[in-house]
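Visitor: I'd like to ask some things about the structure below.
The values are calculated or read from the model by the stated rules, or taken from the named source; none is laboratory data. Since this is a predicted model, take the numbers as computed values, not measurements. No Cβ is skipped: glycine too gets one built from the backbone with ideal geometry, and neighbour counts run over all protein chains shown.
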Amino acid sequence: MKLTVTRARTPRDLYATGSDLIDVEVCDGVIAAIRPSGGQVAGRVLDADGATILPGLWDAHVHLAHHAMVASAIDVSGTDSAEATVAILEREAARRPGEILLGFGFRAGGWGDPPSASLLDAVTSQPIALISGDAHSFWANTAGLALAGFAGHPSGFLVEHEAFAAQVQLMDAAADHIDEAVRSVSLAAARRGVVGVVDMQMGWTIGAWRRRAATPPPLKVLAAIYPDDLDRAVTSGLRSGDRIAERVWVGPLKIIADGSLHSRTALCTDEYPDPLPHLPHGQANYDQSELERLLGVAAGHGLDVAVHAIGDLAVTRVLDAFAATGARGSVEHAQFVTPANISRFAHLGVAASAQPAHLLDDAGSLDDIWPGAGGQAFPLRSLLDAGATLRFGSDAPVAPLDPWLAMDAAVNRTHHPEQSITPGEAILASVRSSLAVGQPADLILVDAPTEALAEGRFGAVQVMATILDGAITFAN
């Protein structure tokens, strides 16, 4: 398939083309030629009409099925107590008799009273299942617990492994609906200029994408594997980069080494000011020997590794495991990084996969939950200056699947602005190809004021077209 994008502009801080307007010819999924506009053009044409052309955007960390499941959930974000959340559910129960009440977005870290099943049982006997804004906690009533596979749970409030298992159970029970919703949120991502994602969805995501193979996604997908399925992947001979369906490849082994900020389960050197019972420093989901075993198995069988580490102690332990095993991959989130660990990313060849949009939710509570952390939280400038590879993602549904929002948060941050990065650096952290002959024909056209990209005003950017492997997946 041949397509020529005509009369496009390039951002001059990223590319020097020697011409105000260029034509980009793509053939068989790659960029075949780049030349000044004005010459003869054969075949199919997409007239950019002066729009800016960029490589297509990637989201390096999403949970697509999760994102799809909660897209229509009850919004319980912004509540400051269990009672405030219950008030929302009382209204929804009256509006939706007999339905499953699925909610998303609560953050119980600052609540005085802990969530409990009994609080929700007093609302209704119909199932209630609430997923926290960081997805590391799950709160349900008696009927909701049974639906999620945790009948008889003593409190109704689950964290970490139990919370993840409950959410996977809910998604498995609604697989057909989830598949349709995944298609919908993927098309929405293409409208924002996204050409690829790393799908960190829990469960056997390889099987889910094989099930969806009859309808190829409008994105490239790297599908992660979790430790529970590592033996299955190794026995099947799966390696990172293996094609498993059209536009879908095996991604990394995803390991969740600690918890999260708002759940107060991120593993930290210092005690939390207001810790969870029996977890003064947060939670290590694996001891060091098991962490190193998992990375060693992955390294020995051709699997990249993506390790979730938010707290400073978790980041240290994960980098130690990379050093001990020689595994390749990324630290996901890398949210609290001590100065001693900054240079280790580049030294070990480990990417820092960050979600800058989390700053929009976390900035107000960072200093309360991590007093004294200061510029060690989301240290993007320090990581880049030390030579680290930076990748941006959203962690959707925790934050919107919108790379422009992530870039804007990284460039225009107000919490420790000394850790801001430049607009060009933000774009480079959000792409996996370049505007050059021989590169994948994954491209976007954007309409924005001339100076908007250079100044990092990403909110002013409007995506006009998205091209994947030379095929138009969205055109405005």
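Residues checked against (1) in contact with a strand residue (DSSP E or B) (Cβ under 6 Å, 6 or more places away or on another chain); (2) under 22 Å from Y226 (Cβ atoms); (3) free of Cβ contacts under 8 Å to residues at least 24 places away in the same chain:
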| residue | (1), (2), (3) |
| --- | --- |
| P252 | yes, yes, no |
| R264 | yes, no, no |
| H278 | no, no, yes |
| N285 | yes, yes, no |
| L295 | yes, yes, no |
| V305 | yes, yes, no |
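Visitor: Can you pull out every residue in the stretch 209-245 that is touching a residue at least 12 places away in the same chain (Cβ under 8 Å) and of a type in the set (K, R)?
Guide: The answer is R210, R211, R212, K220, R232, R239.
Visitor: Now, a different point. Filter the stretch 319-336 down to the residues that are aliphatic (A, V, I, L, M) and over 19 Å from the mean Cα position of the chain (by Cα) and list them by number.
Guide: If the condition is that a residue be aliphatic (A, V, I, L, M) and over 19 Å from the mean Cα position of the chain (by Cα), then L319, A321, A323, A324, A327 are the ones that fit.
Visitor: Checking A441 against (1) crowded, with 22+ Cβ neighbours inside 10 Å; (2) in contact (Cβ under 8 Å) with a residue 40 or more places away in the chain; (3) within 17 Å of A60 (Cβ to Cβ), which test does it fail?
Guide: (3)
Visitor: Follow-up. Please state which one of V86, V41 is part of a helix (DSSP H, G or I), surrounded by 13 or more Cβ atoms within 10 Å (Cβ to Cβ), β-branched (V, I, T) and touching a residue at least 12 places away in the same chain (Cβ under 8 Å).
Guide: V86
Here is a yes/no grid of residues against (1) in contact with a strand residue (DSSP E or B) (Cβ under 9 Å, 6 or more places away or on another chain); (2) in contact (Cβ under 8 Å) with a residue 12 or more places away in the chain; (3) surrounded by 17 or more Cβ atoms within 10 Å (Cβ to Cβ):
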residue: L401; (1), (2), (3): yes, yes, yes
residue: W404; (1), (2), (3): yes, yes, yes
residue: H416; (1), (2), (3): yes, yes, yes
residue: I427; (1), (2), (3): yes, yes, yes
residue: T450; (1), (2), (3): yes, no, no
residue: A454; (1), (2), (3): no, yes, no
residue: G470; (1), (2), (3): yes, yes, yes
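Visitor: If I filter the stretch 105-115 for residues that are over 29 Å from D258 (Cβ atoms), assigned to a loop (DSSP other than H, G, I, E, B) and not charged (D, E, K, R), do I get at least one hit?
Guide: no
Visitor: Please specify each residue of the stretch 304-355 satisfying the condition of being within 22 Å of G282 (Cβ to Cβ) and assigned to a loop (DSSP other than H, G, I, E, B).
Guide: Matches in the stretch 304-355: I310, G311, A334, Q335, V337, T338, V350, Q355.
Visitor: Filter the stretch 212-256 down to the residues that are under 16 Å from the mean Cα position of the chain (by Cα) and among the small types (G, A, S), then identify the one that is farthest from T316 (Cα to Cα).
Guide: Checked the stretch 212-256; the qualifying residue farthest from T316 (Cα to Cα) is A223.
Visitor: A follow-up question, please. If the requirement is being over 25 Å from the mean Cα position of the chain (by Cα), at pLDDT 95 or above and either crowded, with 22+ Cβ neighbours inside 10 Å or in a strand (DSSP E or B) (or both), which of these qualifies: L102, L145, L119?
Guide: Going through L102, L145, L119 in turn, the sole match is L145.
Visitor: Which strands (runs of 3 or more DSSP E) sit wholly inside the stretch 150-234 and have at least 1 residues that are among the small types (G, A, S), closer than 24 Å to V307 by Cα and modelled with pLDDT of 95 or more?
Guide: 194-199, 220-225
Visitor: Would you mind finding the one in L390, L359, L383 that is surrounded by 22 or more Cβ atoms within 10 Å (Cβ to Cβ) and at pLDDT below 95?
Guide: Answer to the selection: L359.
Visitor: If you scan the stretch 130-142, which residues turn out to be more than 23 Å from the chain's Cα centre (by Cα) and outside any helix (DSSP H, G or I)?
Guide: Within the stretch 130-142, A140, N141 meet the criteria.
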